[in-house]
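Okay, structure first, notes after.
Read the figures in this text as sums done on the coordinates, not as results from a lab. Just so it is clear, the model here is predicted, and its values are computed rather than measured. Cβ atoms come from the backbone with ideal geometry, glycine included; neighbour counts cover every protein chain shown.
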There are 4 protein chains.
Amino acid sequence: MRTPDPEPAGEDPFGPPKGNVSNPAWLSEIELAEARRRLPMLYVEAVPVRTDGMGQVVEVGILLRATPVGEIVRTIVSGRVRYGETIRHLENDLGPMAFPLLPPQPVPFTVAEYFPLPGVSPFHDDRQHAVSLAFVVPVTGTCEPRQDALEVTWLTPEEASSDALAAEMEGGRGTLVRLALASVGALR
Amino acid sequence: MRTPDPEPAGEDPFGPPKGNVSNPAWLSEIELAEARRRLPMLYVEAVPVRTDGMGQVVEVGILLRATPVGEIVRTIVSGRVRYGETIRHLENDLGPMAFPLLPPQPVPFTVAEYFPLPGVSPFHDDRQHAVSLAFVVPVTGTCEPRQDALEVTWLTPEEASSDALAAEMEGGRGTLVRLALASVGALR
Amino acid sequence: MRTPDPEPAGEDPFGPPKGNVSNPAWLSEIELAEARRRLPMLYVEAVPVRTDGMGQVVEVGILLRATPVGEIVRTIVSGRVRYGETIRHLENDLGPMAFPLLPPQPVPFTVAEYFPLPGVSPFHDDRQHAVSLAFVVPVTGTCEPRQDALEVTWLTPEEASSDALAAEMEGGRGTLVRLALASVGALR
Amino acid sequence: MRTPDPEPAGEDPFGPPKGNVSNPAWLSEIELAEARRRLPMLYVEAVPVRTDGMGQVVEVGILLRATPVGEIVRTIVSGRVRYGETIRHLENDLGPMAFPLLPPQPVPFTVAEYFPLPGVSPFHDDRQHAVSLAFVVPVTGTCEPRQDALEVTWLTPEEASSDALAAEMEGGRGTLVRLALASVGALR
């Protein structure tokens with residue numbers, strides 16, 4: 001099972017970047033792994049949508065990803081909240097050309113609780129206990145999440161909420177997409 | 001006390017427009033007055049806001065209006081929902097150059113109940129029992145509400161939520177502005 | 001197609017009750033029919049739920065009803081908002097033994113717009129343009145809606161959100177039930 | 001400045017309790033202090049309220065607390081989310097006799113971001129970067145938060161949203177109380 005913050009091969013997104021080696025907020029992979037066994041990790045998940053002139057959702061962006069073992073799964077744009085960062089920093093996760101229309105409301109449509117053990121909640125994540133603030137984000141540009149293994153597919157609300165899609169999504173995120181669509185009145 | 005849908009002098013916004021005289025949904029002033037004594041009237045109220053690049057509210061649009069007796073009061077953009085119209089039609093009320101970023105969420109931040117008798121709820125309206133769906137609407141252009149007697153003033157969230165402003169607002173709408181700001185995390 | 005405020009045979013719920021004949025807010029059936037051709041009607045719809053000790057929804061109350069032509073349809077508890085009545089008056093609609101735990105939040109989970117013509121929105125009502133404020137209401141007792149033709153069936157969230165149930169519900173209310181469940185995190 | 005999870009004297013709530021010494025999720029004080037320098041900490045804050053029969057908020061529970069240096073401050077019931085615990089576990093924080101009516105909605109009224117540096121957001125916490133999911137929780141019993149230094153005072157919504165109270169509250173929580181009241185329509 002995959003997790004919400006994939007580290008692309010050949011890069012350590014949580015390690016100390018050049019020039020910041022003394023920043024105590026940067027975690028080595030070992031330290032991050034240790035923290036994951038002891039603390040809930042905080043994430044932001046973003047469901048990018050495209051809307052028509054009346055604000056109605058017409059398309060939903062879902063990620064396509066190949067796992068290390070070659071399986072193709074679908075997931076949702078996400079990013080771990082780093083020390084000192086506001087939860088409103090979604091640009092990194094959506095890519096520089098997304099041009100999100102960040103809504104003034106700071107309230108997520110749901111708080112998804114991922115537990116290592118399936119069945120405790122609708123969501124699970126083998127690797128950790130994660131708590132995710134999930135937002136619907138209207139975008140006007142193109143989404144290019146930073147993880148190179150990922151590609152965004154744009155689906156209609158009907159496709160995005162189908163059982164077929166839910167079956168392909170990891171960690172129970174098919175439910176998350178439905179909750180996202182429901183929160184904007186786009187679930188049928 | 002004023003009401004949420006002022007009829008500017010010399011115009012009957014609820015009467016039959018030219019070419020539509022046989023539309024049964026158009027009400028004469030007498031019919032509208034009659035309906036107001038017997039049915040709750042449905043309104044949409046819009047609090048226009050301007051946001052910064054992070055989606056934080058930096059300005060709030062409040063209406064300034066002269067009453068028939070020459071009093072200056074402040075109020076909120078509003079419009080009665082007409083037969084057959086969706087509640088998402090805010091363009092008429094905000095003006096053609098508002099360029100609202102209509103949020104995909106169809107849920108109002110509050111439902112304000114206006115009763116003819118003050119004290120039943122925080123909101124009152126001498127003329128009628130009105131139920132108003134109140135939305136925060138980020139705009140990127142200029143607001144020119146259709147009522148010629150009105151002018152939009154842009155205030156900071158602090159000014160808009162002050163006791164001084166609340167005292168100038170009609171029908172308890174100072175409370176509505178505070179609820180609007182709270183719903184977008186802009187109330188201190 | 002049925003409407004959200006069925007009049008049980010042998011009773012005129014909108015006519016003047018004994019002792020109130022002079023109340024101008026009471027509408028005769030003819031007057032109500034006339035108003036329906038010209039004004040949007042305001043409703044409250046309530047999805048009663050039973051919750052476990054943690055507040056999680058375990059059962060959803062859906063109405064079963066026989067139409068005048070003998071068809072069995074499913075629908076949702078609803079009531080028209082009368083002149084002078086607050087939207088919080090749900091007791092009449094849920095029955096005297098419902099003991100609802102009225103939530104302090106006055107915000108509906110959605111505003112459902114019913115148009116006479118199917119397809120304009122997800123919801124339609126042959127008889128009128130209705131705007132409905134839809135709430136999830138936890139109840140601790142038994143629901144006995146006033147309309148004698150109705151019976152409440154308690155379903156699991158899974159049953160209540162199934163395609164099979166949606167197909168039996170009138171006016172698109174299968175969508176409304178799903179939005180209700182989504183708003184309380186009980187949609188999978 | 002105080003923090004949202006006071007450790008009462010003579011007890012280390014984050015240390016390994018008897019019989020659980022090998023549970024890797026328990027943090028020593030040193031480990032917790034270390035984590036606080038590197039990761040955002042996740043909290044739940046609960047604003048307990050008492051409601052009348054219609055669900056309207058009539059009282060708000062605010063904590064009174066003496067700081068180590070003898071200052072009296074006001075704050076809000078809160079608890080750090082532990083590894084493996086759901087955010088719905090509020091009993092520990094409200095006390096065993098609170099009998100909360102946990103709402104079925106899993107969505108907080110706001111997400112409060114506390115930064116060590118004042119001014120970054122409306123909320124600050126000298127000790128850490130904390131992200132808090134803030135809920136309004138109707139209670140039917142008495143609140144006895146576990147921290148012995150604390151006492152709950154019940155205030156009217158007007159008192160709880162006053163400038164005088166806000167001035168006494170630590171870390172900007174006066175704003176949080178106002179947002180809580182606004183979310184339930186109890187702010188004027």
Quiz item: Among B:115-123, B:47-55, A:167-175, how do they line up from the highest to the lowest mean number of other beta-carbon atoms within 10 Å?
Solution: A:167-175, B:47-55, B:115-123
Practice problem: Report, for residue A:97, each distance to the same residue's label point in the other copies, shortest first and in nm; define the point 7 Å along Cα→Cβ. | Solution: 3.4, 6.4, 6.5
Exercise. Could you pull the copy-to-copy label distances for residue D:120, with points set 7 Å along Cα to Cβ, in nm to one decimal and sorted shortest first?
Key: 2.8, 4.9, 5.0
Quiz prompt | Under the Karplus curve 6.51 cos²θ - 1.76 cosθ + 1.60, θ = phi - 60°, whole-Hz ³J(HN,Hα) for the range B:54-65, x wherever Gly or Pro sits | solution = 8, x, 7, 6, 10, 9, 10, x, 10, 8, 10, 8
Quiz item: Based on the Cβ-Cβ distance from residue D:37 to residue A:151, what FRET efficiency comes out when R0 is 35 Å, to the nearest 0.05?
Solution: 0.45
Quiz item: Can you list the residues, at least 5 places off or on another chain, whose amide H is less than 5 Å from the amide H of residue C:137, using H built in the peptide plane?
Solution: C:47, C:49
Quiz item: Can you list the equivalent-ellipsoid semi-axes of the range A:90-188, largest first and in whole Å, using the square root of 5 times each Cα gyration tensor eigenvalue?
Solution: 22, 17, 15
Quiz prompt | Other copies of residue C:167: label-to-label distances in nm, shortest first, labels 7 Å along the beta-carbon direction | solution = 1.9, 6.5, 6.7
Quiz item: Once you have the alpha carbon radius of gyration of the range C:40-115, what is it after dividing by 2.2 N^0.38 Å, with N set to its residue count?
Solution: 1.24
Exercise. Would you mind checking the radius of gyration and Dmax of the range B:36-83 based on alpha-carbon positions, in Å?
Key: 15.2, 46
Quiz item: Per-residue mean of other chain beta-carbon atoms within 10 angstrom of the beta-carbon, peptide C:71-83?
Solution: 2
Quiz item: If you find the alpha carbon centre of the range B:113-146 and of the range A:75-102, how far apart are they in angstrom?
Solution: 35
Exercise. Give the calculated FRET efficiency between residue C:140 and residue D:88 to the nearest 0.05, with a Förster radius of 25 Å applied to their Cβ-Cβ distance.
Key: 0.85
